[in-house]
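The next block holds one structure in the form of structure tokens; read it before the comments.
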Amino acid sequence: MRILVVEDERELARHIARALTRHGHIAGQQHDGAEALRCAAAEPPDLIVLDLNLPGLDGLSVLARLKQAGCPARVLILTARGAVEDRVKGLKAGADDYLAKPFSMDELVARIEALGRRGATPTAVDLLAVGDLHLDVHRRRVTRGDRVIELSPREFDLLQVLMQEPGRFFSRTELCELIWRRDHLYGTRTVEIFVTRLRKKVDSGFAVPLIQTLRTVGYTIRPPS
Ligand code: CA
């Protein structure tokens, strides 16, 4: 893949680019947001590793402009440890994945390669599908078969998070942080309530349930095997 690393800590940017090169990718580096935008427009990469905390034009603004310009690259954002809000904002703004600093280089490479295996077209990022369930990120519209499913904003967010990684189990704590921006002390019960509601809307009346629970682990959505 052609990958653009946008990170103002030059040593870290070099370190990431080197690791990616070792794994057979072509990695470029940019150290500020405006330059990164120019570079992505001139030669759109397949994937962008985007640090959120950049001088001048910050990462979220860069992400917004990339999406506005219809940039087809998938985006993995790097966030400061524990900056849950940034993570949520990033995912809502169209990022495909995130990794909190400090991270292991092996994990970064693994995440990047997982993103590379996902649908390569830009529409694959905006139009999520699991079995006959479809979610349009931009129009915020959900259908299953030919039925339109009406969801509240939070139900939609929850479904989007699950559908972005079909088959991956999300713990209640993780979902609570991602959707409600609160720590698990507050409300994993909220997550349970919303999953129950979502399940009613998405699965009831259909022969095959898509949302699955593993009691001690959490929730996932996946197509029937
Ligand atoms: Ca930074």
Total charge dipole magnitude, the chain, about the Cα centre, Cβ charges on Lys, Arg, Asp, Glu only, Debye to nearest 20: 680 debye
query: Which whole-number percent is the relative contact order of the chain (Cα, under 8 Å, 6+ apart)?
result: 13 percent
field: Share of alpha-carbon pairs per 10 Å distance bin for the chain, given as whole %
entry: 8, 32, 34, 20, 6, 0
- prompt: With charges only on Cβ, +1 for K and R and -1 for D and E, what is the dipole size of the stretch 2-116 about its Cα centre, in debye, rounded to 20?
  reply: 160 debye
Kirkwood Rh in Å, taken over the stretch 142-225 so that all alpha-carbon pairs contribute: 13.0 Å
query: Arg38 to Arg168: FRET efficiency via 1/(1 + (r/R0)^6), r the Cβ-Cβ distance, R0 30 Å, to the nearest 0.05?
result: 0.30
Theoretical ellipticity at 222 nm over the chain - DSSP helices of four or more residues, -39500 (n - 2.57) apiece, nearest 500: -13000 deg cm²/dmol
field: For Val75, residues with placed amide H under 5 Å, excluding near neighbours
entry: Ile48, Asp96, Asp97
- prompt: Looking at Leu60, Pro209, Ser104, which one has the Cα that reaches farthest to the positive end of the dipole of the chain (charges on Cβ: Lys, Arg +1; Asp, Glu -1)?
  reply: Pro209
- request: Kindly express, to the nearest 10 degrees and within the range 0 to 90, the angle between helix 105-117's C-alpha long axis and the longest C-alpha principal axis of the chain.
  value: 60 degrees
task: Evaluate the charge dipole of the stretch 127-221 about its Cα centre and quote only its size in Debye, nearest 20, assuming +1 on the Cβ of each Lys and Arg and -1 on the Cβ of each Asp and Glu.
output: 220 debye
statement: A 1.4 Å probe over the protein heavy atoms gives the chain a carbon and sulfur accessible-area percentage of 51 percent
- request: Kindly report the accessible area of the stretch 61-161 per residue (heavy atoms of protein chains, probe 1.4 Å, no ligands, DNA or RNA), in Å².
  value: 47 Å²
field: Quarter of Cα convex hull surface for the stretch 1-101, i.e. mean projection, nm²
entry: 5.5 nm²
task: Provide the gained length on full extension for the span Glu150 to Glu9, in nm with one decimal, where the gain is 0.36 nm per separating residue minus the Cα-Cα distance.
output: 46.4 nm
- request: Note the angle between two axes, namely the Cα long axis of helix 153-164 and the longest principal axis of the Cα atoms of the chain, as a number of degrees from 0 to 90, rounded to the nearest 10.
  value: 70 degrees
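The values are calculated or read from the model by the stated rules, or taken from the named source; none is laboratory data. This one's a predicted model, so the numbers in the text were calculated from it and none came from an experiment. Quick reminder, even Gly has a Cβ in these numbers, built from the backbone with ideal geometry, and neighbours come from all protein chains shown. All accessible areas refer to the heavy atoms of the entire protein, side chains included, with ligands and DNA or RNA removed. Shrake-Rupley method; radii C 1.70, N 1.55, O 1.52, S 1.80 Å.
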